[in-house]
Amino acid sequence: MRIMTARDANQNFSKILTEAERGEAVLITKNGKIVGELRPRAQHPKDDDEWRAAFERMTALMSATPATGCRVGTITEDDKYGDARQ
């Protein structure tokens, strides 16, 4: 990881972007304190085909209605009222 002043980062921005493309992170300082970080973008799960397929299966299962017509199954009086019925 490289540390660079804000002034140097401003003057060499295209070089910093090239470093980020290669996977290197750069810390940017101002008056001796770290104020920012430029790093490579992490891959988002939605960009992964396997993740997308699993997500689509999950949403399809969640939206499917069982034969009972109720997504959670049969609801009994005890489920509705519990200990309140006395």
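The values are calculated or read from the model by the stated rules, or taken from the named source; none is laboratory data. Everything numeric here is computed off the predicted structure, so don't read it as measured data. Note: ideal-geometry Cβ built from the backbone for every residue, glycine included; neighbour counts use all protein chains shown.
When the residues of the stretch 18-49 are filtered to those that are over 16 Å from Met1 (Cβ atoms) and part of a helix (DSSP H, G or I), which remaining residue is modelled with the highest pLDDT?
Result: Asp49.
Name the residue, out of Arg71, Arg2, Arg52, that is modelled with pLDDT under 90, surrounded by 10 or more Cβ atoms within 10 Å (Cβ to Cβ) and in contact with a Ser or Thr (Cβ under 8 Å, 6 or more places away or on another chain).
Of Arg71, Arg2, Arg52, the one residue that is modelled with pLDDT under 90, surrounded by 10 or more Cβ atoms within 10 Å (Cβ to Cβ) and in contact with a Ser or Thr (Cβ under 8 Å, 6 or more places away or on another chain) is Arg71.
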